[in-house]
Amino acid sequence: LDGKPLRARERMYLLLYKPPGYLTTYRDPQGRPTVYDLISDAGTFVSPVGRLDLDTSGLLLMTNDNQFAERVTNPESHVAKTYLVKASMRLTDDQLHLLRQGIDLSDGPTRPARVTRLRDSDKYTHFEITVTEGRNRQVRRMVEALGATVLKLVRVRIGPVRIGTLPIGKWRRLTP
């Protein structure tokens, strides 16, 4: 932390670029790597603000400020989370429109999403999606409701905080 010791009770906010293959938990009984392996030099204990599943990479906020964490993760706060998605097939404009309207999932309809097609290849569609909920595996389930699967998922933004040029597996301190 820039060579400065952390004062007791000082609030700390980290942005971690979580790689795929790391669990968003403190310990894993199976011995798999966790995000705590990547922030061992942070100088104080912080907790993840929400989760990213094992196969998802990208922006993970970590903090010791529980009120901040609650505000970001509470669906009533409508904090936007933006992801880059590679779908397992080419999606039509109609399918992307369904994401924009909201998709019916097993736990109810999703809120409308902002969706931008980035590019198509012969087999795949790459798009950006912004959601304001934090349901378990929500983006993956939304894409599955279209008949596709997610091949790659990277969270690039939470609220105004962007991952920017931070290298994968690294973290940086944020200002309050």
Suppose only helical runs count, i.e. DSSP H with n ≥ 4. What mean residue ellipticity at 222 nm does that imply for the chain under -39500 (n - 2.57) per run, divided by all residues and rounded to the nearest 500 deg cm²/dmol? -3500 deg cm²/dmol
Normalise the Cα radius of gyration of region 117-162 by 2.2 N^0.38 Å (N = residues in it) and let me know the number. 1.24
Per 5 Å bin, what is the whole-percent P(r) computed from every C-alpha pair distance within the chain? 1, 8, 17, 20, 19, 15, 10, 6, 3, 1, 0
Given 5 Å bins starting at zero, what is the percent of C-alpha pairs of region 79-176 in each, up to the one with the largest pair distance? 3, 12, 24, 24, 17, 11, 6, 3, 0
Between Lys81, Lys18, Lys123, where does the largest GNM mean-square fluctuation fall for the chain, given springs only between Cα atoms within less than 10 Å? Lys123
Tyr26: accessible area at probe 1.4 Å, nearest 10 Å²? 110 Å²
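The values are calculated or read from the model by the stated rules, or taken from the named source; none is laboratory data. No experiment lies behind these values; they were computed from the predicted model shown. To get the accessible areas, we keep the full protein, side chains included, count just its heavy atoms, and leave off ligands, DNA and RNA. Shrake-Rupley method; radii C 1.70, N 1.55, O 1.52, S 1.80 Å.
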